[in-house]
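Take a look at the structure set out below.
The values are calculated or read from the model by the stated rules, or taken from the named source; none is laboratory data. From a predicted model like this one, the values you see are computed outputs, not experimental measurements. Glycine gets a Cβ as well: all are built from the backbone with ideal geometry, and neighbour counts include every protein chain shown.
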Amino acid sequence: MQAEEHFCKVTRQIMKCVSSAEFYRMLGHVLALSEQHQQKLMGSFGVVAATSSETAADEFEQHIDAVACGKQTAAANDLTYTWLITKIIQRKIDCYEQVLSIIDSQQLHHHKRILGAALSDETATELFMQELAERLFLRQFPEHASLA
């Protein structure tokens, strides 16, 4: 649950900074998906929002601020934001996999279906973000098309 909350917080912040309309739409889609996951987790597990003073989201926010204050082009910033979002998604996938391992050991099949669906969504989103990063890279550096 906390990974989903962190993702939503950071994604909202990045949405304020991006220049690519395609990237903005993608972020809106994955934000809505993450909010749906939170609702399902709250309904299935009865969990509530977590609170903590120093979180992983804070670290990502520092990266976002550093990019926003830099002297890079808007396209280079979008590429960096894409990388940050991908890292957060990878963290969420790791969290889901850990919880699935625990659920497997306790044979909680209903919860496994809910988390398995969320994990599948996150994996697909990670692939979309990687493809978007490649497209942004090629727009910024067309001379390096052979690297993508």
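The sole residue among Glu35, Glu22 that is assigned to a helix (DSSP H, G or I) and either under 22 Å from Val67 (Cα atoms) or in contact (Cβ under 8 Å) with a residue 60 or more places away in the chain (or both) is Glu22. Within segment 99-148, restricting attention to residues that are over 25 Å from Leu27 (Cβ atoms) and either basic (Lys, Arg) or under 18 Å from the mean Cα position of the chain (by Cα) (or both), the residue that is modelled with the lowest pLDDT is Lys112. Check segment 66-80 and report whether any residue there is modelled with pLDDT of 80 or more, touching a Ser or Thr at 6+ places or on another chain (Cβ under 9 Å), buried (at least 19 other Cβ atoms within 10 Å of the Cβ) and in a helix (DSSP H, G or I). Yes.
From the list Glu35, Glu54, Glu59, Glu22, the one residue that fits, being acidic (Asp, Glu), at pLDDT below 85 and closer than 30 Å to Gly116 by Cβ, is Glu59. Of all the numbered requirements in (1) modelled with pLDDT of 65 or more; (2) assigned to a loop (DSSP other than H, G, I, E, B), Ala49 misses one, and that requirement is (1). Leu84 falls short on exactly one of the conditions (1) modelled with pLDDT of 85 or more; (2) closer than 19 Å to Arg139 by Cβ; (3) touching a helix residue (DSSP H, G or I) at 6+ places or on another chain (Cβ under 9 Å), and that condition is (1).
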